[in-house]
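Accompanying notes for the structure given below.
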Amino acid sequence: MTVRSRLAAAVGVVALLVAALTGATAGTASAAPVAAATEAASPGWVCPGTPIPPDYVVTFRNASGCNGAGSWYIQPVQDGIWVCATSPIPTGYVLTLHTAQGCGANIDTWFMQLARDGQWVCAGSPIPTGYVLTAHINTGCGNIGSWLQVQARAGQYICPGVPIPAGFRTDAYNASMCSGLGGWLLLNA
C-alpha cells in the first residue's frame with residue numbers, strides 16, 4: 001500500500017468519524033442540515049452528516065447502517081407524520097405529539113402536522129408566521145407541555161416570550177392569562 005493510498009484511507013476514516021459524531025445526535029427537535037435546492041431528492045437511507053433535502057424529514061434510524069455509524073431514513077414531509085428528534089422541521093409545520101422512544105433506536109419521536117388555528121403544539125415547536133400562543137398545559141404532549149396556537153388577532157392575550165407578529169404590538173399585561181403564566185394584550189400596530 002502506498003503512502004498516498006494510506007493517507008487517503010486515513011482521511012476517509014477521519015471523515016466518517018466526524019460524520020458519525022456530528023450527525024447522529026438525539027434529543028429535542030432541532031433542524032438538521034438542508035441540502036441545496038438544486039439536488040434531486042428521493043426517499044431512502046442516508047448516513048450521518050448527509051444534508052437533508054428541503055421539505056424532507058427523518059422518520060427512522062438503523063443503528064447498524066453506514067458501517068455501524070447508523071443511518072437515517074428520509075422521506076418527503078406530509079401532514080400527520082412521526083419524525084425522529086433529529087429531523088428538520090419544514091416551514092409551516094409544527095410538533096403536536098411526543099414520545100420519548102421510537103424512531104427505531106429509542107430516540108425521541110415527534111408527530112408533525114401543518115399549522116392550523118386552534119391547535120395544541122408541543123413545547124419547543126416552531127411558531128409559524130402569523131400565529132401566537134395563548135394557553136398552556138404543563139402535562140400536555142407527553143408531559144413536556146403543550147401550548148394553544150392560534151392565528152394572531154387584535155384583542156387576544158398572548159403568552160410571555162411569544163414573538164409579536166408583524167402588524168401587531170402588545171399593550172396591557174394580565175397575570176391570569178395563558179393558564180396563569182400571564183399574558184400581553186395583542187393590538188394592531
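Per-structure values
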read-out: Estimated FRET transfer efficiency when R0 is 22 angstrom, pair residue 144-residue 63 (beta carbons, to 0.05); value: 0.35
read-out: Fully extended contour minus Cα-Cα distance, from residue 171 to residue 41, at 0.36 nm per residue; value: 42.2 nm
read-out: Amide H contacts of residue 58 (H built 1.01 Å from N, under 5 Å, at least 5 apart or other chain); value: 84, 87
read-out: Paired Rg and Dmax values of segment 96-135, which use every Cα atom, in angstrom; value: 12.0, 35
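Any read-out appearing in this document is the output of simple, stated calculations on the displayed coordinates, not a laboratory observation. Just so it is clear, the model here is predicted, and its values are computed rather than measured. Neighbour counts run over all protein chains shown; Cβ positions are idealised from the backbone, glycine included.
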